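K.L.:
Dropping a structure here in structure tokens format, bear with me for questions.
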């Protein structure tokens with residue numbers, strides 16, 4: 001059973017471009033969480049999704065950021081018109097239940113905006 | 001409001017000595033508590049959790065943590081540190097009452113084990 005898979009591992013974008021980050025949860029997991037980690041800081045919750053539904057997006061910036069978790073395929077975190085402040089590590093976690101008592105994390109995508 | 005505090009940015013311990021990484025929390029209801037470890041350029045790995053029951057929780061790699069309700073703490077401990085334990089450690093809490101099951105994270109503590 002493969003773990004949580006995130007790709008790409010590293011992503012470089014110029015200011016104004018779009019960044020698409022993908023997360024494939026563990027097999028059998030239908031709950032996905034996205035977090036952002038700035039250098040030397042802890043994780044900040046962004047969004048919680050279940051298949052085809054956004055459950056909680058209270059941590060997502062109101063503009064330029066969006067997330068989806070379609071019925072088929074990976075969860076996608078999309079950042080439009082990236083700015084330098086978007087540079088961070090983005091982690092995805094999945095869990096089999098809503099209770100989230102042991103989330104499994106991917107290795108993260110490190111986004112660098114130049 | 002829920003919060004987690006890891007008061008030490010960095011902890012230095014000599015190999016073979018006991019280690020403690022501190023964590024205190026604040027939730028309105030009962031807490032679920034977690035410790036995760038992050039090695040350089042890697043994702044987070046689950047170490048242990050407290051849900052209910054015995055206040056002393058044993059986890060991976062010889063780590064344990066003690067839930068102390070009166071002090072609202074969940075310190076991570078290991079009797080004898082290894083150089084390979086050097087990493088970034090995160091404490092997280094979830095309130096049983098939180099219907100969205102968000103984890104609230106501490107800022108992390110860098111653990112450095114010196115040979």
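K.L.:
Taking the convex hull of the Cα atoms, report for the protein assembly as shown its projected area averaged over all directions, in nm².
P.N.:
12.7
K.L.:
Starting with the highest mean, order A:105-111, A:8-14, B:107-113 by the number of other Cβ atoms within 10 Å, averaged over the residues of each peptide.
P.N.:
Ranking, from highest mean packing down: A:105-111, B:107-113, A:8-14.
K.L.:
Please compute the modelled spin-label separation between residue A:71 and residue A:7, points set 7 Å along Cα→Cβ, answer in nm with one decimal.
P.N.:
Between residue A:7 and residue A:71, the label points sit 2.4 nm apart.
K.L.:
Partner chain Cβ atoms within 10 Å, averaged over the residues of A:39-49 - can you pull that number for me?
P.N.:
4
K.L.:
Along its three principal axes, how long is segment A:28-114 when you only count alpha carbons? Whole Å, largest extent first please.
P.N.:
Cα extents, longest axis first: 37, 24, 22 Å.
K.L.:
Next question, about the same structure. Rounded, prolate or oblate: which one fits segment A:1-55, using the alpha carbon gyration tensor with axes a ≥ b ≥ c (rounded when a/c is under 1.5, else prolate when a/b beats b/c, else oblate)?
P.N.:
prolate
K.L.:
With contacts defined as alpha carbon pairs under 8 Å and 6 or more residues apart, what's the relative contact order of segment B:3-114 in percent?
P.N.:
Rounded, it is 38 percent for segment B:3-114.
K.L.:
Quickly work out the residue B:68-to-residue A:97 label distance, labels modelled 7 Å from Cα along the C-beta direction, and quote it in nm with one decimal.
P.N.:
The modelled label-to-label distance comes out at 3.0 nm.
K.L.:
Averaged over B:37-43, how many beta carbons belonging to a partner chain fall within 10 Å of each residue's beta carbon?
P.N.:
Counting Cβ atoms of other protein chains within 10 Å of each residue's Cβ and averaging gives 4.
K.L.:
Modelled label-to-label distance, residue B:15 and residue A:27, 7 Å Cα→beta-carbon offset: nm?
P.N.:
Placing both labels 7 Å beyond Cα along the Cβ direction yields 3.9 nm.
K.L.:
Could you work out which residue, out of B:41, B:55, B:17, moves most in a Gaussian network model of chain B, that is, has the largest mean-square fluctuation with Cα springs under 10 Å?
P.N.:
Result for chain B, Cα springs under 10 Å: B:41 fluctuates most.
K.L.:
Calculate the translational D of segment B:3-114 in whole µm² s⁻¹ from Stokes-Einstein, where the hydrodynamic radius comes from the Kirkwood formula applied to all Cα pairs, the temperature is 10 °C and the viscosity 1.306 mPa s.
P.N.:
Result for D is 113 µm²/s.
Laboratory data are not the source of any read-out in this text; all were calculated from the coordinates shown. In this text, all values refer to a predicted model and were calculated from it rather than measured experimentally. Counting neighbours? That spans all protein chains shown, and the Cβs are built from the backbone with ideal geometry, glycine included.
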